[in-house]
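The values are calculated or read from the model by the stated rules, or taken from the named source; none is laboratory data. What you see is a predicted model, and the numbers here were worked out from it, not measured in a lab. Here the Cβ positions follow ideal geometry from the backbone for every residue, glycine too, while neighbour counts run over all protein chains shown. Just the protein is used for accessible areas: all its heavy atoms, side chains included, with ligands, DNA and RNA removed. Shrake-Rupley method; radii C 1.70, N 1.55, O 1.52, S 1.80 Å.
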Amino acid sequence: MSDVVLQTEAISKSFGALKACDEISLDVKRGEVHALIGPNGAGKTTLIGQITGEIAPDRGRINFEGRDITALATAERARLGLARSFQITSIFPSFTAEGNVALAVQATGRHSFRFWARADRLERLRAPARQLLRELGLGARSHAVAAGMAHGEHRQLEIAMALATEPSMLLLDEPMAGLGNEESQAMVALLARLKGRYSILLIEHDMDVVFTLADRISVLVQGRVIASGTAEEIRNDPLVRVAYLGEDDEFGDEHAQG
């Protein structure tokens, strides 16, 4: 089994005169958290869209688990074990937390969709849903209606729904967005528990979170990867400090020392 789960090879995408992705090559190793950082407009969302199959690249190739998936549809990639959370996952607000995860379990294809109307009542769907909610810290909220749950709980629920599809890799797009301090701490703790169990490509603007969780970091600026390495290597890369963060902006002296 290869150590590399996901690999992009010179992926390029333009929208008219705008080159959103310019020959991006990166890989995610099995069990690691690989963070993708960069300023707004750097091409992060376009790259993720190409990895998930929502956007077709102009050039380049995408390999997942040793297979060329460049031409596969989004659903086919999901069936191979590639799950994206937060922008793709849809929560049904009138369903309970357990009911939402039960529907995600059902969507794996192991259960008939003729049960759609009462999926949250079927024990064979409910049991794994309850287990996932317990693992993600939402066991006590299993019967809460999603519409009444807090924003941070929605984030946890979305991850539970992604994990219900039994992926080998997670694409997490800004999981800290909109979270308060306590919610952010809970999310970091959750992702730390998932680390090593799943390969994770993490897009995140919170540098403290990135440095806490990431095994490797790739920096995307104007559609190009300008640096890849460990947190320490990225902290000390002068090109990254000038091109993305500025000499003392987001790293600052505190990060540079630690």
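If amide H atoms are built 1.01 Å from N in the plane of the peptide, which residues on other chains or at least 5 residues away come under 5 Å of the amide H of Glu32?
Ile200
Rounded to the nearest whole Å², what accessible area per residue is found for the chain with the 1.4 Å probe?
46 Å²
How charged is the neighbourhood of Ile48? Take every other residue with its Cβ under 11 Å from the Cβ of Ile48, and add Lys/Arg as +1 and Asp/Glu as -1. Each step should come with its number before you reach the end.
On the way: positive: Lys44, Arg84; negative: Glu54, Asp173, Glu174.
With Lys, Arg at +1 and Asp, Glu at -1, the net is -1.
Can you give me the % of accessible surface on the chain that is carbon or sulfur? Probe 1.4 Å, all protein chains present, nothing else counted.
Details: 5750 of 11770 Å².
Within the chain, the accessible surface is 49 percent carbon and sulfur.
With +1 assigned to the C-beta of every Lys and Arg and -1 to the C-beta of every Asp and Glu, and no other charges, what is the dipole magnitude of the chain about the Cα centre in debye, to the nearest 20?
On the way: 28 positive and 35 negative charges, 323 e Å.
For this selection, approximately 1540 debye.
Among 67-73, 96-102, 30-36, how do they line up from the highest to the lowest mean number of other beta-carbon atoms within 10 Å?
On the way: 67-73: 14.1, 96-102: 26.6, 30-36: 21.0.
Taking the mean over residues of other Cβ atoms within 10 Å, the ranking is 96-102, 30-36, 67-73.
Output the antiparallel fraction of DSSP beta bridges having both residues in the chain, as a percent to the nearest 5.
Values: 21 of 39 bridges.
So the antiparallel bridges amount to about 55 percent of the total.
Give me a comma-separated list of calculated 3J(HN,Hα) values for region 31-46, in order, Karplus coefficients 6.51, -1.76, 1.60 applied at θ = phi - 60°, integers in Hz, x for any Gly or Pro.
Result, ordered by residue: x, 9, 9, 10, 8, 10, 10, x, x, 4, x, 6, x, 4, 5, 5 Hz.
Can you tell me the convex hull volume per residue for region 123-168, based on C-alpha atoms, in Å³ to the nearest whole number?
On the way: hull volume 3.5 nm³, N = 46.
Measuring per residue, one finds 75 Å³ for the Cα hull of region 123-168.
Can you give me the Rg/Rh ratio for the chain, using Cα atoms for both radii and the Kirkwood formula for Rh? Mind dumping the intermediate values first?
Numbers: Rg = 18.8 Å, Rh = 19.1 Å.
That ratio equals 0.98.
What ³J(HN,Hα) values, in whole Hz, does the Karplus curve 6.51 cos²θ - 1.76 cosθ + 1.60 give for region 13-23 when θ = phi - 60°, with x put for Gly and Pro?
8, 10, 10, x, 7, 8, 8, 6, 10, 10, 6
Testing the spin-label approximation: label points 7 Å from Cα along Cα→Cβ at Ala140 and Thr230. State their distance in nm.
Each label point lies 7 Å from its Cα, and together they span 3.9 nm.
What angle do you read, to the nearest 10 degrees and between 0 and 90, between the alpha-carbon axis of helix 123-135 and the longest principal axis of the chain?
Result, in degrees: 40.
Using only Cα atoms, tell me the angle between helix 97-106 and the longest principal axis of the chain; keep it within 0 to 90° and round to the nearest 10.
The two axes meet at around 80 degrees.
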